[in-house]
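Novice: Got a structure here, written out as structure tokens. Questions coming.
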């Protein structure tokens with residue numbers, strides 16, 4: 001039985017960095033939300049998005 005965080009190949013299960021498991025997020029993945037998601041130029045924007053969504057989940 002899996003944890004629901006990773007698929008059968010070991011890749012995170014997410015949508016735009018928000019995991020399928022509540023309260024968990026990912027950043028720095030290729031094409032997470034844009035072409036620049038895996039580099040410093042884009043990871044900051046993605047981190048802001050993920051944090052905002054996780055805060056809404058927790059509220």
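Novice: Taking Cα pairs under 8 Å and at least six residues apart, what relative contact order does the chain come out at, in percent?
Specialist: Rounded, it is 25 percent for the chain.
Novice: To continue, here is another question. Dimensions of the chain along principal axes (Cα, Å, largest first)?
Specialist: 37, 31, 12
Novice: For every helix of n ≥ 4 consecutive DSSP H residues, a contribution of -39,500 (n - 2.57) applies; sum these over the chain, divide by its total residues, and give [θ] at 222 nm rounded to the nearest 500 deg cm²/dmol.
Specialist: Helix contribution divided over all residues of the chain: -11000 deg cm²/dmol.
Novice: Simple spin-label model, 7 Å along Cα-to-Cβ: residue 58 to residue 29 in nm?
Specialist: 2.1
Values quoted throughout were computed directly from the atomic coordinates according to the rules given, and no laboratory measurement underlies them. Only a predicted model underlies this, so the values are computations on that prediction, with no experimental measurement involved. As a convention, Cβ positions derive from the backbone with ideal geometry for all residues, glycine included, and neighbour counts pool all protein chains shown.
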